[in-house]
Amino acid sequence: MISRRLLFSMMLPALVALSTTSASAATLKVVASFTVLADVVRQVGGDRVTVTSLVGPNGDPHEFEPSPSDAKNLNAAQVAFVSGEGLEGWMDRLISASGYKGKPVVASEGIKFRSMEEDGQTVTDPHVWNSPVNVKVWVANIEGALAKAAPVDAAAFKTNAEVYLKKLDALDAYAHSELANIPEDHRKVLTSHDAFGYFGREYGVQFLAPVGVSTESEASGADVAKLIEQIRAEHVKTYFIENSNDPRLVRQIAKATGAEPGGELYVESLSDAKGPASTYEKMFRYNVDLLVAAMAKAS
């Protein structure tokens, strides 16, 4: 007869394996503030996370108004991510309304931020993701937060992060190589609002816009007139609309200056699954291709 002690020792490896499998199978419930960030969290988390984006596809993270279902999703989350630097001005209200007990992870912590003047004040540009160099910082912060929340899956998160970092390096190299074909004095375009500053800093493109960092702000008549003069003086020939905000003002400016349409850029939000920018990787390549094609045509 097998003793209880011997039987237990024989069963122990199987019990350990079962418990490890169960722990790995339990996916983390994660909330991210908007679609771009949510996609990067999915890339790092893989099948070990379930990610809900508060702002949906083609949504504006500046003017977002949370609903009761958003409060419910946040309350149920084990980890929440925001980009930070004032992008999600509604987040504190949502946390209070939802009863969420945690503290959101600020994915942009550690990025070299870009400052700019707006309405006589110096503000920080929150649109960090428009450079994949910055998204690499996101990845490191996301990996650390997920590993802390689910240590048993830390190795998987690390592997996923390493794979995705290589993709981000490829995106950066692609943008540099494509834009190198455009003469520097032709790398100028008109967009709806000032959201491409990090892209411009990284790749030497000048973006002119009637509205500043946030789509909630409004351009004055004097500002618009000054911008029209600048566009004419610098011979800016192309304008772009954005998927997540109102295109009417930029179209009016384009009409006054003779700028031609270059297409629709994805700046603060991914498209839906059927669109051309359903992931960050697709979004960035799509924007690069659209910008390069328009600037090459105008040069």
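Numerical summary
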read-out: Principal axis dimensions, region 76-191 - Cα atoms, whole angstrom, descending; value: 51, 41, 19
read-out: Residue of SER33, SER67, SER53 that the Gaussian network model of the chain assigns the largest fluctuation, springs spanning Cα pairs under 10 Å; value: SER67
read-out: Calculated FRET value between ALA225 and ALA180, using beta carbons and R₀ = 35 Å, to 0.05; value: 0.50
read-out: Where the Cα pairs of region 45-104 fall when distances are cut into 5 Å bins, in %; value: 4, 17, 30, 28, 15, 6, 0
read-out: Packing-based exposure ordering (other Cβ within 10 Å, fewest first) of GLU264, GLU162; value: GLU162, GLU264
read-out: Residues TYR174, TYR286 arranged by fewest to most Cβ contacts within 10 Å; value: TYR174, TYR286
read-out: Förster-model FRET efficiency, 30 Å R0, ASP272 and ALA173, C-beta, rounded to 0.05; value: 0.60
read-out: Spacing of the two label points (7 Å from each Cα toward its C-beta) at THR122 and LYS148, in nm; value: 2.9
read-out: Whole-Hz ³J(HN,Hα) from phi, Karplus 6.51 cos²θ - 1.76 cosθ + 1.60, for region 89-95, glycine and proline x; value: x, 8, 5, 4, 5, 5, 4
read-out: Number of Lys pairs (Cα under 22 Å; 8 or more positions apart or on different chains) in region 174-298; value: 10
read-out: Zero-based 10 Å bins, Cα pair distances in the chain, whole percents; value: 6, 25, 31, 20, 10, 4, 2, 1, 1, 0
read-out: Under Karplus coefficients 6.51, -1.76 and 1.60, residue-wise ³J(HN,Hα) of region 135-151 in Hz, glycine/proline x; value: 5, 4, 5, 3, 4, 4, 5, 5, 4, x, 5, 5, 5, 5, 6, 9, x
read-out: Eligible aspartates and glutamates near LYS136 by straight Cα distance, threshold 12 Å, same-chain separation 8 or greater; value: GLU109, GLU162, ASP169, ASP172
read-out: Kirkwood hydrodynamic radius of region 241-297, Cα pairs, Å; value: 12.2
read-out: Rounded to whole Hz, the Karplus (6.51, -1.76, 1.60) HN-Hα couplings of region 128-133, x for glycine and proline; value: 5, 5, 6, 10, x, 4
read-out: Considering only the chain, percent of DSSP beta bridges that pair antiparallel, nearest 5; value: 15
read-out: Fluctuation leader among GLU268, GLU65, GLU85 - the chain, Gaussian network, Cα springs under 10 angstrom; value: GLU65
read-out: Estimated FRET transfer efficiency when R0 is 25 angstrom, pair ALA233-ALA296 (beta carbons, to 0.05); value: 0.70
read-out: Per-residue Cβ neighbour rank within 10 angstrom, fewest leading, MET91, MET283; value: MET91, MET283
read-out: Within region 21-171, percent of DSSP bridges classed antiparallel, to nearest 5; value: 30
read-out: Theoretical ellipticity at 222 nm over the chain - DSSP helices of four or more residues, -39500 (n - 2.57) apiece, nearest 500; value: -15500 deg cm²/dmol
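Taken together, the values in this text are just the output of simple stated rules run on the coordinates, not laboratory data. Bear in mind the structure is a predicted one, so any value in this text is a computation, not a measurement. So basically every Cβ, Gly included, is an ideal-geometry build from the backbone, and we count neighbours across all protein chains shown.
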